[in-house]
Each structure stands twice: as structure tokens, then as C-alpha cells.
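Peer 1: Would you mind keeping the following structure in view while I ask a few things?
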Amino acid sequence: MAEQAKLSKKVKMIYGLGDVASNFCNYFTGAFLTIFYTDVVGILPAVVSAIMFGARIWDAINDPMFGVIAERTHTKWGRFRPYILFGTPMMATFLILTFMAPFSGDNAKVIYATMTYIILGMITTAVNLSYGSLSSVMTRDPEDRVELNFWRMIGANGGQMILNAIVMPIVLFFSTESGQASASQPNSRGYLFTAVILAAGMTILFMIVYKNCQERIQPDSKDKIPFNVSLRSVFQNKPILCLFATLFCYIIGLNIHTGLLIYWITYVVKRTDLAALLMTLPSICTLIALFATKNLTRKFGKKKMLLICYSGLIVAQLLLWKVDTTNIAMLVVFSALWGLFKFASPIQMGSVPECIDYAEEKFGIRCDGFAYAFVSLATKIGPAIGPSLGLLFLGAGYVPNAEQTAETIRNINFAVNFLPIIFFALAMVPAAMYPITREKAAEMSERLQAKEKAAKEKE
């Protein structure tokens, strides 16, 4: 059997569009859903925290379940692509429903928010896990896999950059009531119309990914893999456990900062007119950092680059915590610095396929879906735990759409800029323990390709 042809640059770039699409949902909910719930719907911060934390507990059950289902899926579209094809329209629908506020009663508000948020999370799991799993079944080539995840992170950060620049202006534009020249505060109408626009864009982009990204690696057998074997492929897999732990801590740290940043800008900096700048600039700097560090990762290795990333973020967070918020120039500089050190994602997600290869070589099975489901728990639970923890620090003194007390302002500043430091420091420990080097990954890929070739020749 001839070696698989390398993926074209066009396919790699189109694959990256999936993360642009994903961010239309994930970024919007991650950056704006908490303040939508507290300041527009009128749900207490502690209740919002409970909703988000409870939803993520369900994800801890739901994600592995879906991973097992995906692995057992065999259709003419492949194992993962049908969930992108049919799941995306449902994801778009529930994104819109999540940003609706149809009820006025307190209990009804909480029930509606809980149900729509949990269902949106379940559908997002199906689509995003399937999209992420594609990189492990599109090619075995290590360089192609690195490129796929590089373009994926370019898409993620490019999408964030665009959304940071346009979402708040769009929300404010549609918040304008009849006869008003402009709106100074977002309202339910603004969030709903923005959700409709983002849902439409997300659907178009995911359909482009579905059409162009084909599954070329299939498991050796269509026999069902026992669940206990799937579990062993993860929980006896040191590389994936290290990867999960470092990604989990990193994602929590990031999402404490980004998920509550709008509170800091609104109530501590008190310059909502700077929201687009302070939320867009880090993403621009991250894009620059991704291109700048691409070759450095190959030269210095994943461990060193991750440790540099986490250390830089800790320094940037300390500077943002202590900065004089009236000094706009320093706010801009330190926000840019934070963005420059946020380059870990391609390293982390680019390591998932080699963890799957490790399990395939060690246990003789390929559990792509279950492995991605396990890793995806970090990217699903982290964005909820982060803001949920941060919301707890707002305290009982927080009053939506009002001048905050000095104590509440200190709490917001602590939550947004100091609390993430703890998690970035924790992320350094499992990162240093990750055992697969670039050389080991290449050797595994060669052995698996030789095994696959030999099996085909026997048929």
C-alpha cells in the first residue's frame, strides 16, 4: 500500500475554518453569556455560577458517552462528519434560543436558562468533538497533523480577533430602540439579533469544512470496542493524562480572565468604549505569536514552549492586576503582552493525535472519539468553571448596571487578573511531565504506517 498523499494547503486552511465557526458559538457564550444572564435576564451571579457548573458536571458524563457513540458510528459520510452535517443546524438553533429571554418570573428564567444552556452544550459536544477528531483521521503524517492544528489555532484566534472587534458594536447597534441615535447599554434585543447573525455564519463555515475535509483513516475492524478497553486506552495513557491536566488548568485560567473581562472593563476600568480594543488586541497579538512560535516549538520542544507560555501569562496577569486603570497606555501594553503569550493551544491540541497513536501502539486499538471526548472535557469544563469561580468572587455586593463599591471593584480585579495565575502555575506541572517528544511521535507514526501496510498486503 502506497503512503497516503500529503494534505494540500487548501484543505489545511479550510480545516482551520472549523475553529472560526466554533468560536461564533463558544466565544459568544464564553465572553457574554454570564453578563447576559446577570445584567439582562436578571439572574443572581451565584445562580449563574451554579447553572454553569452543573452543566459542566453533566458534560463530564455526556462527552465520554458521545465519544463512544462516535467511535461506533459507520456511515457513508464517515464516523465524525455526519455529526458536523446534521449537528450544526441544531447548534445554531440553540445558540439563538440561549440568548432569548422569554420569561419574567424568577423560577422560569432559571429553568429556561438551565435547559437551553445544557442542550446547547450537548450539541456543541457532538459538533466540536467530531470536528476535532477529524485531524486524527485525515492523515497519519506528523507534519500534516501539526499543520492542521496550526491552522486550527489560527482559525480560533483569528475568529476571536474578529469577534472581539465586532460583537459588542453589533450588540449595541441592535440594542438601539426606535428613535434613539445609539445605545449605551446592551439589551436582550441586541444579544438576540447578534446570536442570529453568528448562528448563520457558523453554519456556513462548518458546511465548508464538512464538504472539504475527508476521513482517510479507518479503524482495523468495525467490531465494537468494549467500553472498558476504551477506558484503559485513556486512563493507562500517561501522555493523554498529562495533556488533559495541563490543558484543563490552562483553559480555566484563560476563561476566568476572558469570561469576566467585560465586568472588569465595565466596572473597574469604567470604559466600555474601550471594550472592542481591549478584547481584540490580545487576539491580534496571539495570531502574531502563533506564527512566530511555530518553528520555535520544533526547535526547543513542546515542554519548554509551554513553560514559557505559562510563565509569560503569569507575568502579564500580575501587571494587569497592579496597573493603574486610568493609565490607558499601560492597559493596552499589558493586554497585548497577555495576548503574545497565549500561544499554547496548537502545542496542546497538536499533541492529541500522537496520544491516540500511543494508545493504538500500546493497546492495539484506535479510540479517536473517546480520546478526543476525554480531552474535550478540559475545553468544555474549563470555560464554565473559570467564569463560575470568578463570579463567586464578585460577592453579594455586586449590583448589575450600577456603580460598584470599592470592595466589589477589588473583588472583580482579583478574580479577572490574579485568580488565573494560580491555574497557569498549576498547568506547568503536567506540562513538564509530558513524555512524547517530536522524535518519538515520528517513530510511532512510522511503525503504525508499516503495520497498516502489512495488514493491507495480507488481505
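The values are calculated or read from the model by the stated rules, or taken from the named source; none is laboratory data. All values derive from a computational prediction rather than experimental measurement. All Cβ positions, glycine included, derive from the backbone under ideal geometry; neighbour counts span all protein chains shown. Areas reflect the complete protein model, heavy atoms only, side chains present, ligands, DNA and RNA absent. Shrake-Rupley method; radii C 1.70, N 1.55, O 1.52, S 1.80 Å.
Peer 1: Considering each of 166, 170, 204, 197 in turn, give the residue that is under 23 Å from the mean Cα position of the chain (by Cα), modelled with pLDDT of 80 or more and within 30 Å of residue 139 (Cβ to Cβ).
Peer 2: 204
Peer 1: Could you check, for segment 355-372, whether at least one of its residues is touching a residue at least 24 places away in the same chain (Cβ under 8 Å), within 18 Å of residue 420 (Cβ to Cβ), open to solvent by less than 10 Å² (accessible area, probe 1.4 Å) and not charged (D, E, K, R)?
Peer 2: no
Peer 1: Confirm whether residue 342 is on the phi < 0 side of the Ramachandran plot, among the charged types (D, E, K, R), crowded, with 20+ Cβ neighbours inside 10 Å and part of a loop (DSSP other than H, G, I, E, B).
Peer 2: yes
Peer 1: Within the set of pairs 6+ apart or on separate chains, which have a first residue in segment 69-97 that is assigned to a helix (DSSP H, G or I) and open to solvent by 10 Å² or more (accessible area, probe 1.4 Å), a second that is among the aromatic types (Phe, Trp, Tyr) and at pLDDT 90 or above, and C-beta atoms under 7 Å apart?
Peer 2: Close Cβ pairs satisfying both conditions: 81/210; 85/210.
Peer 1: Residue check, residue 333 against (1) farther than 14 Å from residue 436 by Cα; (2) in contact (Cβ under 8 Å) with a residue 24 or more places away in the chain; (3) part of a helix (DSSP H, G or I), all met but one. Which one?
Peer 2: Here residue 333 clears every test but (2).
Peer 1: Of everything in segment 29-57, what is modelled with pLDDT under 85 and among the charged types (D, E, K, R)? Give them in sequence order.
Peer 2: Listed by number, the list holds a single entry, 56.
Peer 1: Where residues in segment 380-395 are open to solvent by 10 Å² or more (accessible area, probe 1.4 Å) and touching a Pro at 6+ places or on another chain (Cβ under 9 Å), which of them is farthest from residue 64 (Cα to Cα)?
Peer 2: Among those that are open to solvent by 10 Å² or more (accessible area, probe 1.4 Å) and touching a Pro at 6+ places or on another chain (Cβ under 9 Å), it is 395.
Peer 1: Can you report the number of residues in segment 42-68 which are open to solvent by 20 Å² or more (accessible area, probe 1.4 Å) and either touching a Lys or Arg at 6+ places or on another chain (Cβ under 7 Å) or part of a loop (DSSP other than H, G, I, E, B) (or both)?
Peer 2: Within segment 42-68, residues that are open to solvent by 20 Å² or more (accessible area, probe 1.4 Å) and either touching a Lys or Arg at 6+ places or on another chain (Cβ under 7 Å) or part of a loop (DSSP other than H, G, I, E, B) (or both) number 2.
Peer 1: Moving on to the next point. Go through 154, 119, 162 for me and flag whichever is open to solvent by 50 Å² or more (accessible area, probe 1.4 Å) and over 18 Å from residue 380 (Cα atoms).
Peer 2: Within the list 154, 119, 162, the selection yields 162.
Every residue, every condition in (1) farther than 17 Å from residue 255 by Cβ; (2) among the charged types (D, E, K, R), yes or no:
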position	(1), (2)
9	yes, yes
15	yes, no
25	no, no
39	yes, yes
47	yes, no
59	no, yes
66	yes, no
69	yes, no
75	yes, no
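Peer 1: How many residues, within segment 246-265, are open to solvent by 30 Å² or more (accessible area, probe 1.4 Å) and out of contact with any Gly (no Cβ under 8 Å at 6 or more places or on another chain)?
Peer 2: Matching residues across segment 246-265 total 0.
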